[in-house]
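Report on one structure; see the data block that follows.
The values are calculated or read from the model by the stated rules, or taken from the named source; none is laboratory data. Everything numeric in this text was worked out from a predicted model, so none of it was measured. In this analysis, Cβ positions are derived from the backbone assuming ideal geometry, glycine residues included, and neighbour counts consider all displayed protein chains. Each accessible area value is taken on the protein alone, full model and side chains, heavy atoms only, with ligands, DNA and RNA left out. Shrake-Rupley method; radii C 1.70, N 1.55, O 1.52, S 1.80 Å.
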Amino acid sequence: MSQVHNERTKLTANALDRASTACLTVGVLGPGAAALYGVGGASAGGWIVAGALLWLSAAAVLHSMARRTLGSLR
């Protein structure tokens with residue numbers, strides 16, 4: 001039964017880590033690339049930076065949750 005628990009724990013941790021990667025991509029890298037190339041009238045204004053910091057924080061929290069989840073392996 002311990003192996004089942006470990007595999008479910010790994011699956012949960014992987015899902016959390018993928019969500020953190022998605023947050024990083026959508027909230028930081030996407031707007032950064034848009035501002036860099038001037039797509040859609042995006043600029044590196046205060047709202048873009050504040051939003052990027054918010055998404056980066058969300059990614060960091062999700063990644064740390066994934067790492068903490070792995071701590072419960074048996």
| remark: Placing each pseudo-label 7 Å from Cα in the direction of the beta carbon, Ser72 and Thr12 end up separated by a distance in nanometres of 0.3 nm
| For the chain, what are the DSSP H helices with axial Cα length of 27 Å or more and mean Kyte-Doolittle hydropathy of at least -0.5? | 46-70
| field | Mean ellipticity per residue at 222 nm, deg cm²/dmol - from DSSP H runs of n ≥ 4 across the chain, formula -39500 (n - 2.57) | value | -26000 deg cm²/dmol
| What accessible area per residue comes out for the chain, rounded to a whole number of Å², with a 1.4 Å probe? | 72 Å²
| query | If you work out Cα extents along the principal axes in Å from the coordinates, which of (i) 32, 31, 21; (ii) 55, 17, 10; (iii) 66, 29, 26 do you get? | reply | (ii)
